[in-house]
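Here the structure comes first, spelled out in C-alpha cells, and everything after it is commentary.
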Amino acid sequence: MAPPQRSHEPQGTHPDQVWGEPEFLGASAGAAPSRVGSAIRGRFPHRYRRPLVALLLATCLGAWWADQHRRSDEFTALITSAQHGQSVVDDSDRRVASMIEYVSPLLHAARTPPDVRAGLDQIVHASAVQAAKNLRAAAAQVAAVPVWGWHPDQIAARDAYVKDLRTRAAYYDLFLAPGSGEPGTAQPVSIETGWATARLAFLAAATSAGQRTQVDQMLTK
C-alpha cells in the first residue's frame with residue numbers, strides 16, 4: 001500500500017477549486033457575517049439586548065434635551081444682556097438729545113459769537129463721546145456671552161446686536177466732532193439696517209413663542 005500523501009488542495013474545497021479563485025473567495029466572505037453575528041450574540045445574550053437598545057436611545061434623547069436646554073439658556077443670557085444694551089441705547093439717545101435741546105437757543109442764535117458756538121458744539125460732542133463709551137461697554141458685555149460653536153442662530157443674534165451697538169458708538173464718536181460738520185436730525189441708514197438685522201437674528205434664535213414675544217417687546221420702534 002502506498003503511503004498517504006499530503007494534499008496541496010485546501011480541505012473542504014472542490015478538487016477543481018484553488019485558493020484565490022473568485023468562487024472560493026466569495027464563499028469565504030459569505031461566511032464572515034455569520035461569524036460576526038455569532039460573536040455578537042455570544043458577547044451580548046438575548047436578555048441584555050433590549051436594555052442595551054433602551055440605554056442607547058435614552059442617551060441620545062438625553063443629549064438632545066441637554067442641547068435644547070443649552071440653546072434656551074444661551075438665548076436667555078443673550079436677551080438679558082441685550083435688554084441692558086437697549087437701556088444704554090435709550091439713555092444715550094436721551095442724554096445727547098437733551099444736551100442739544102439745552103444749547104440750541106444759543107447755538108443757533110444769530111448773535112452768538114463763533115467761539116461761543118464752537119464751545120457749545122464741544123459740550124454736545126463731549127456728551128456724545130460719553131454715550132459712545134457706554135455703548136461700547138454694552139457691546140462688550142453682549143459679546144462676552146458664551147455660545148456653543150454649533151449653535152449658529154445664537155451666534156448670529158449675538159454678533160448682529162454687537163455690530164449694531166458698535167455702529168451707534170461710532171456714530172456718536174463723530175457727533176459734532178471738530179471738522180465733522182453738524183449732523184442731521186436723522187440717524188444714518190446703517191443704524192436702521194443694523195437694528196433690523198439684529199431683530200431678525202434674535203427672532204430666528206428664539207426657541208419658544210415666549211422668547212419671540214420678548215424680542216418683539218425689546219427690539220421695537
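Odds and ends about this structure:
- The residues of the range 138-168 that are under 20 Å from GLN211 (Cβ atoms) and not hydrophobic (A, V, I, L, M, F, W, C), listed by number, are GLN141, PRO146, HIS151, PRO152, ASP153, GLN154, ARG158, ASP159, TYR161, ASP164.
- Residue in the range 29-46 that is over 39 Å from the mean Cα position of the chain (by Cα), surrounded by 11 or more Cβ atoms within 10 Å (Cβ to Cβ) and either in a helix (DSSP H, G or I) or modelled with pLDDT of 60 or more (or both) present: yes
- Close contacts from the range 197-212, counting a first residue that is touching a residue at least 24 places away in the same chain (Cβ under 8 Å) and farther than 8 Å from ALA157 by Cα and a second that is of a type in the set (Phe, Trp, Tyr) and part of a helix (DSSP H, G or I), with Cβ to Cβ under 7 Å and a gap of 6+ residues or different chains, come to ALA206/PHE75; THR207/PHE75; GLN211/PHE75.
- Hits in the range 99-143 (condition: among the charged types (D, E, K, R) and under 21 Å from VAL88 (Cβ atoms)): GLU101, LYS133, ARG136
- Cross-chain or 6+ apart pairs with Cβ under 8 Å, the range 99-123 first and touching a residue at least 40 places away in the same chain (Cβ under 8 Å) and surrounded by 14 or more Cβ atoms within 10 Å (Cβ to Cβ), then among the aliphatic types (A, V, I, L, M) and not in a loop (DSSP other than H, G, I, E, B): ASP121/LEU107
- Tally of residues being surrounded by 18 or more Cβ atoms within 10 Å (Cβ to Cβ), over 11 Å from LEU78 (Cβ atoms) and either in contact with a Cys (Cβ under 8 Å, 6 or more places away or on another chain) or touching a residue at least 60 places away in the same chain (Cβ under 8 Å) (or both) across the range 132-182: 4
- Taken over the range 109-165, the criterion of being out of contact with any Lys or Arg (no Cβ under 8 Å at 6 or more places or on another chain) and among the aromatic types (Phe, Trp, Tyr) is satisfied by TRP150, TYR161.
The values are calculated or read from the model by the stated rules, or taken from the named source; none is laboratory data. Small disclaimer: the values here were computed from a predicted structure and weren't measured. For neighbour counting, all protein chains shown are included, and Cβ atoms are generated from backbone atoms with ideal geometry for every residue, glycine included.
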